[in-house]
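*Asks:* The structure is given below, and queries will be raised subsequently.
Where a number appears in this text, it was derived from the coordinates with a stated rule and is not lab data. Predicted model, so just to flag it, every value in this text is computed and none were measured.
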Amino acid sequence: MARINGAACKLCRREKEKLFLKGLRCFSDKCGVVKKPYVPGQKAKMRLVESEYYTQLREKQKAKRYYGVMEAQFLNYYKKATRKQGITGEILLQLLETRLDNVLYLMGFATSRSQSKQLISHGHVKVNGKKVDVPSFQVKEGQVVEIADESKDIPSIIEAKESAGSLSIPEWLEVDFKNFKGKIIRIPERADIKAPVKEQMIVELYSK
């Protein structure tokens, strides 16, 4: 399972916007981006000259951190996107958006993507009735994602479910909170994806 080390709030501050890596904390006044709206480091408040390459690199780093994937894994997603027909950047985001850990988070059964990864890897999640313990599992249209019966009383899942009101469930997902399950109605289009990423810059970076 991909693991991002380091203080999550510093990662958000480095990208100068919320990436929602700390769950409910990101919606409170304790959010690092709110408390310290500048990049971390001794020279944080100095004005830096940002080259085209630097800007493109930051977009890639932002996308990696937002979805919680590592460098090699992210590159594999990009290569897979280039092999499909359509707009490469949009396909890249679709692949990332339909990862099981991201889908579970968007459905409101985890307070963060990192918590979602943990729940999946510990065997608390099923897809079409079968237990799946791989966070990067690619969820397809029509598939049903649910919390295993024996896991429905886990405190973190209950907490996420009760606080799901702070999230806006995407239109491409259908969620049944009473039965701890949801369904992928369709593959998300670019307009459905709320990731704060300029995907074309990532494509340009990898195209060099």
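*Asks:* Can you pull a Stokes-Einstein diffusion coefficient for the range 75-154 at 25 °C (0.890 mPa s), Rh from Kirkwood over Cα pairs, as a whole number of µm²/s? All intermediate terms of the calculation are to be shown ahead of the outcome.
*Replies:* Details: Rh = 13.2 Å.
My calculation gives 186 µm²/s for D.
*Asks:* Pairs K62/K126; K79/K131; K64/K131; K126/K161: which exceed 23 Å Cα-Cα? Mind dumping the intermediate values first?
*Replies:* Numbers: K62/K126 29 Å; K79/K131 28 Å; K64/K131 26 Å; K126/K161 17 Å.
Exceeds cut-off: K62/K126; K79/K131; K64/K131.
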